[in-house]
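> Structure in structure tokens, see below.
The values are calculated or read from the model by the stated rules, or taken from the named source; none is laboratory data. All values reported here derive from a predicted model rather than from experimental measurement. Backbone-built Cβ (ideal geometry, glycine too); neighbour counts: all protein chains shown. SASA here: full protein model, heavy atoms, side chains in, ligands and nucleic acids out. Shrake-Rupley method; radii C 1.70, N 1.55, O 1.52, S 1.80 Å.
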Amino acid sequence: MFASPVFILGSTLATIWAAVFQLVYGKRFSDLVLYWFVGLIGFFVGQGLADVAGLRLLLLGQVHVLEATLGCAAAMFVARWLKA
């Protein structure tokens, strides 16, 4: 499971999105840890929802890049909103 290409690519993309979100909205190192953790969860929730719904908008292998990225961004914005 943890060595599957979906998990590795998804974790990498979620980490990149969390780093970009930290650069734009973060203030402390703890913000990066929060955004990374929440971004991972949001990314894989978006991935799962897209897989269940059968969406095929932007696939990279088995990774639903667009839908998972939207889930990641939504989760990080919610975390930022709740943190404030």
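> Remind me, relative contact order of the chain in percent, using alpha carbon pairs under 8 angstrom and six or more residues apart?
Reported as a whole number, the value is 32 percent.
> Roll a 1.4 angstrom probe over the protein heavy atoms and tell me the percent of accessible area of the chain that is carbon or sulfur.
76 percent
> Positive end of the dipole of the chain, charges at C-beta (+1 Lys, Arg; -1 Asp, Glu), about the Cα centre: which of 25, 7, 69 has its Cα farthest in that direction?
25
> Right, here's the next one. Might you tell me the accessible area per residue for the chain, computed with a 1.4 Å probe and given in Å²?
Roughly 65 Å² per residue, with all protein chains present.
> Additional query: Label residue 45 and residue 58 with points 7 Å out from Cα along Cα→Cβ: what is the distance between them in nm?
2.0 nm
> Rounded to the nearest Å, what's the spacing between the alpha carbon centres of region 36-52 and region 1-25? Just the number, please.
Taking the Cα centre of region 1-25 as reference, the centre of region 36-52 is 10 Å away.
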